[in-house]
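Asker: A single structure is presented below for examination.
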Ligand code: MIG
């Protein structure tokens, strides 16, 4: 529904994959993107589609039928039936006639919002109805048994039914709570499940948008925008997995990361001198707590001038970083968008001279204030600004920096928000801030990605705070300024799961919490959870108590070490899952429903998750907890990682959770590839892959794909990787087939070791040969 409405359907024309529908008051364009993806486009603001999320997406000619029906038309693809009527009312069915998504036929009727009998607030012009002045809105009928997910980074529960959210990238330093309707990222992608059928709606509009999942009125859900085009995709599953796969086909998947980025990372606002950085680095090595990465927060700079160093605190950054490299550490430095207004400062002068900054409506470079004081904002929507910014990365990589951390890119501003009419040149199609805001960070990340790629030739590592749909192509994200509270540990789990479902495969939270003082117990429980999240970074704010793994007591340190080591042991598994994520969009951290959609018991599990296909984690999220209740989904058996005990799926169990135990369950039949623990990636030459085989049910078989490459370059893109297929059949005997599918990575393993769990003295046959297991009855080594 839009301001002028549509009126009656007059006629329609078909042109390749596109259908143009003429209404009395408007034209609607429907495109058959795939048999499972339909795009609806009404050019209310710009004539052309103006997506910043979808790049280089090719469609070939699609097969579909179209026919006129009473008051409308019907489009039939291989998977969907789409009926479009007068007033652009649209109903979408699957091929067996299930109604998946139906436009609501009534008027929007928000709940009453009362102030007082004499409605002072309303008289003063305050809105009484949510979003009644939105320019565009689409209202869909809501059925009771519908569950919602996605929408990026959100506080609150996993299932988004009953929530109301706004997409407007926002840096709000107050402790994030369930009442927050907006955070740093805008990902207008909603997933629904209704009667075990899943679909997605991607509303590709980067103005301020709103999603309301039945909060306004239990009979409908809607999405709306302050301005821009109506441009949305209906994406069919029927599994959530396929919806996510299709969405990431459109917006891109997470690129394969460098292996070290999956190791442990230590951050702090700020390690502000070379001496302190070295002290931290030495501590990790001395204490044998694995760690790959140390971050430098804003204080490494000279007066917060981006691309500079405080040479008093860091006399010779290059030498320091070389030293750290020899110890196995990679350095990631923060780079904010705000450029200090300062004549004689190279970045400012260059930007000014070449017109790289955003301007006010009078054409004067716009100023606000951020960390460096008076600052200007690079116009990242401009390709020439991006090329310049990309080149600036060389300043950092020449010092030896391995990754870049982009903060404050909502963009944040200390002197009030940027006015709507701050102008971005946007390659000659000027846009106002209200159109640029939500995609600002996206283009900053893109520029950074391209710069790092060019300068290092390696897979870029970037962490960004703000993002839009599709930013996963360029950057990892973290969830900004959480607090060291139990509530925030809890909140982070559904938040990361929904980020994953929203295409962001590489994400994490500040482990231990950013603001506020952490406690030993909270850090332990947070590290246990972080072990299984893609970005595993401990970070805390200026002025808070120390939060490094050793900052509390020996027991806390020991448990930190134990879990961080577990992470390094699991690296090949986590890397496999990131490889899968790159191919299909399937996120590492995901809700149980992603793999067990037929089991509706999984739909509202907020505090447990799957780490890839094979590991279920139910972190302890309460202070002092002695037990943790958790659900094991139907359809598989589950092996308690700690005790080896086997549980049937489809039941709740209660697990004792002393401080050092985080409940971890391995899916029956799993093969988990593991490495020898290292203090950092590359410390040891890995010549042996250990395959942990979890045997449970008799007469079952399972397969696992293991991927390996050099872990840093782009050579895998020209085929330099190896891929192994492992098939396990658990019958009277245990039969293993280990096959090399692709064998183009020259430095691949020399040995494979199998570790059998629950073997029960069965005969083991590997690639047709009976193999002797060792005295523990468990280990076989072969050279293929
Ligand atoms: O206004 O760079 O979310 O991780 O340590 C605060 C200082 C700016 C906010 C980031 C946080 C970082 C901090 N930054």
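Asker: Inspect all residues belonging to region 632-654 and state whether any of them is in contact with a strand residue (DSSP E or B) (Cβ under 9 Å, 6 or more places away or on another chain), buried (at least 16 other Cβ atoms within 10 Å of the Cβ), in a loop (DSSP other than H, G, I, E, B) and at positive phi.
Answerer: Within region 632-654, none of the residues are in contact with a strand residue (DSSP E or B) (Cβ under 9 Å, 6 or more places away or on another chain), buried (at least 16 other Cβ atoms within 10 Å of the Cβ), in a loop (DSSP other than H, G, I, E, B) and at positive phi.
Asker: Out of the residues in region 541-582 that are in contact with a strand residue (DSSP E or B) (Cβ under 8 Å, 6 or more places away or on another chain) and within 16 Å of the ligand (Cβ to nearest atom), state the one that is farthest from residue 681 (Cα to Cα).
Answerer: Filtering first and then ranking leaves 544.
Asker: Then there is this: Of 314, 284, which residue is more than 16 Å from the ligand (Cβ to nearest atom), surrounded by 22 or more Cβ atoms within 10 Å (Cβ to Cβ) and assigned to a loop (DSSP other than H, G, I, E, B)? Let's see the steps before the verdict.
Answerer: Details: 284 fails: assigned to a loop (DSSP other than H, G, I, E, B).
Sole residue among the options that is more than 16 Å from the ligand (Cβ to nearest atom), surrounded by 22 or more Cβ atoms within 10 Å (Cβ to Cβ) and assigned to a loop (DSSP other than H, G, I, E, B): 314.
Asker: Any residue in region 255-269 that is in contact (Cβ under 8 Å) with a residue 12 or more places away in the chain sitting within a Cβ distance under 6 Å of a residue that is within 16 Å of the ligand (Cβ to nearest atom) and assigned to a strand (DSSP E or B)? List the pairs, counting only those 6 or more apart or interchain.
Answerer: The qualifying pairs are 265/293; 265/537; 266/294; 266/538; 267/295; 267/537.
Asker: Identify the single condition in (1) touching a helix residue (DSSP H, G or I) at 6+ places or on another chain (Cβ under 6 Å); (2) over 30 Å from residue 457 (Cβ atoms) that residue 707 does not satisfy, given that it satisfies every other one.
Answerer: Going through the list (1) touching a helix residue (DSSP H, G or I) at 6+ places or on another chain (Cβ under 6 Å); (2) over 30 Å from residue 457 (Cβ atoms), residue 707 breaks only (2).
Asker: Can you run down the residue pairs with Cβ atoms below 9 Å, 6 or more apart or on separate chains, where the first is in region 423-436 and at positive phi and the partner is surrounded by 19 or more Cβ atoms within 10 Å (Cβ to Cβ)?
Answerer: Close Cβ pairs satisfying both conditions: 426/379; 426/381; 426/382; 426/435; 426/436; 427/381; 427/382; 428/382.
Asker: Can you name the condition, by its number, that residue 265 falls short on among (1) away from the ligand (no atom under 16 Å from the Cβ); (2) farther than 22 Å from residue 501 by Cβ?
Answerer: (1)
Asker: Select from region 503-523 the residues that are part of a helix (DSSP H, G or I) and surrounded by 24 or more Cβ atoms within 10 Å (Cβ to Cβ) and list them in ascending order. Full working, then the answer.
Answerer: As a first pass, look at region 503-523 and keep what is part of a helix (DSSP H, G or I): 520-523.
523, the sole residue that qualifies.
Asker: Being touching a helix residue (DSSP H, G or I) at 6+ places or on another chain (Cβ under 7 Å), more than 17 Å from residue 310 (Cα to Cα) and away from the ligand (no atom under 15 Å from the Cβ) is the filter here, so list the residues in region 393-420 that pass it.
Answerer: 393, 394, 418, 419, 420
Asker: Can you pull out the residues in region 1-22 that are in a strand (DSSP E or B) and either touching a residue at least 40 places away in the same chain (Cβ under 8 Å) or over 37 Å from the mean Cα position of the chain (by Cα) (or both)?
Answerer: Within region 1-22, 2, 9, 10, 11, 12, 13, 14, 19, 21, 22 meet the criteria.
Asker: Please note which helices (runs of 4 or more DSSP H) are completely contained in region 423-502 and include at least 2 residues that are under 22 Å from residue 594 (Cβ atoms).
Answerer: Result: 486-501.
Asker: Take the residues in region 514-532 that are within 16 Å of the ligand (Cβ to nearest atom) and within 17 Å of residue 607 (Cα to Cα); name whichever of them is farthest from the chain's Cα centre (by Cα). So that I can check it myself, show each step before the final result.
Answerer: Taking region 514-532 first, the residues within 16 Å of the ligand (Cβ to nearest atom) are 514-518, 526, 530.
This time we only want the ones that are within 17 Å of residue 607 (Cα to Cα), so: 526, 530.
Details: 526: 19, 530: 14 Å.
Among those that are within 16 Å of the ligand (Cβ to nearest atom) and within 17 Å of residue 607 (Cα to Cα), it is 526.
Asker: Still on this structure: Among the residues in region 106-127, are any buried (at least 18 other Cβ atoms within 10 Å of the Cβ), at pLDDT 95 or above and farther than 25 Å from residue 248 by Cβ?
Answerer: no
Asker: Out of the residues in region 23-59 that are more than 29 Å from the chain's Cα centre (by Cα) and part of a loop (DSSP other than H, G, I, E, B), state the one that is farthest from residue 204 (Cα to Cα).
Answerer: 24
Asker: Here are some conditions: (1) within 30 Å of residue 189 (Cβ to Cβ); (2) in contact with a helix residue (DSSP H, G or I) (Cβ under 9 Å, 6 or more places away or on another chain). Residue 295 meets all but one. Which one does it not meet?
Answerer: (2)
Asker: Hey, another quick one. What do you reckon, is residue 192 more than 16 Å from the ligand (Cβ to nearest atom) and in contact with a helix residue (DSSP H, G or I) (Cβ under 6 Å, 6 or more places away or on another chain)?
Answerer: no
Asker: Please tell me if residue 568 is closer than 24 Å to residue 261 by Cα, in contact with a helix residue (DSSP H, G or I) (Cβ under 6 Å, 6 or more places away or on another chain) and assigned to a helix (DSSP H, G or I).
Answerer: Judged against the criteria, residue 568 is not a match.
Asker: Something else: Can you tell me which residue within region 331-373, out of those that are within 16 Å of the ligand (Cβ to nearest atom) and surrounded by fewer than 19 Cβ atoms within 10 Å (Cβ to Cβ), is nearest to residue 445 (Cα to Cα)?
Answerer: Per the criteria, the residue is 369.
Asker: Exactly one condition in (1) within 16 Å of the ligand (Cβ to nearest atom); (2) surrounded by fewer than 24 Cβ atoms within 10 Å (Cβ to Cβ); (3) more than 20 Å from residue 510 (Cβ to Cβ) is false for residue 481; which is it?
Answerer: For residue 481, the failing item is (3).
Asker: Given the conditions (1) in a loop (DSSP other than H, G, I, E, B); (2) without any contact (Cβ under 8 Å) to a residue 24 or more places away in the chain; (3) away from the ligand (no atom under 16 Å from the Cβ), report the number of the one that residue 328 does not fulfil.
Answerer: Of (1) in a loop (DSSP other than H, G, I, E, B); (2) without any contact (Cβ under 8 Å) to a residue 24 or more places away in the chain; (3) away from the ligand (no atom under 16 Å from the Cβ), only one is false for residue 328: (2).
Asker: (1) within 16 Å of the ligand (Cβ to nearest atom); (2) part of a loop (DSSP other than H, G, I, E, B); (3) farther than 30 Å from residue 434 by Cα: which one isn't true of residue 307, the others all being true?
Answerer: In the conditions (1) within 16 Å of the ligand (Cβ to nearest atom); (2) part of a loop (DSSP other than H, G, I, E, B); (3) farther than 30 Å from residue 434 by Cα, residue 307 misses (3) alone.
Asker: What tally of residues in region 621-631 results from selecting those that are in contact with a helix residue (DSSP H, G or I) (Cβ under 9 Å, 6 or more places away or on another chain) and either in a loop (DSSP other than H, G, I, E, B) or at pLDDT below 95 (or both)?
Answerer: Result for region 621-631: 5.
Asker: For the condition surrounded by 15 or more Cβ atoms within 10 Å (Cβ to Cβ) and under 30 Å from residue 266 (Cα atoms), what is the one hit in 423, 396?
Answerer: Working: 423 fails: under 30 Å from residue 266 (Cα atoms).
The unique qualifying residue is 396.
Asker: In region 331-345, which residue that is in a loop (DSSP other than H, G, I, E, B) and touching a helix residue (DSSP H, G or I) at 6+ places or on another chain (Cβ under 8 Å) is nearest to residue 375 (Cα to Cα)?
Answerer: By that ranking, first place goes to 341.
Asker: Also, quick follow-up: Which ones in region 46-75 are without any contact (Cβ under 8 Å) to a residue 24 or more places away in the chain and surrounded by 13 or more Cβ atoms within 10 Å (Cβ to Cβ)?
Answerer: 74
Asker: If you go through region 700-748 one residue at a time, how many are touching a residue at least 60 places away in the same chain (Cβ under 8 Å) and under 21 Å from residue 772 (Cβ atoms)?
Answerer: 1
The values are calculated or read from the model by the stated rules, or taken from the named source; none is laboratory data. Quick caveat: nothing in here was measured; it's all calculated off a predicted structure. Don't worry about glycine lacking a Cβ; one is built from the backbone with ideal geometry, like all the others, and counts go over all protein chains shown.
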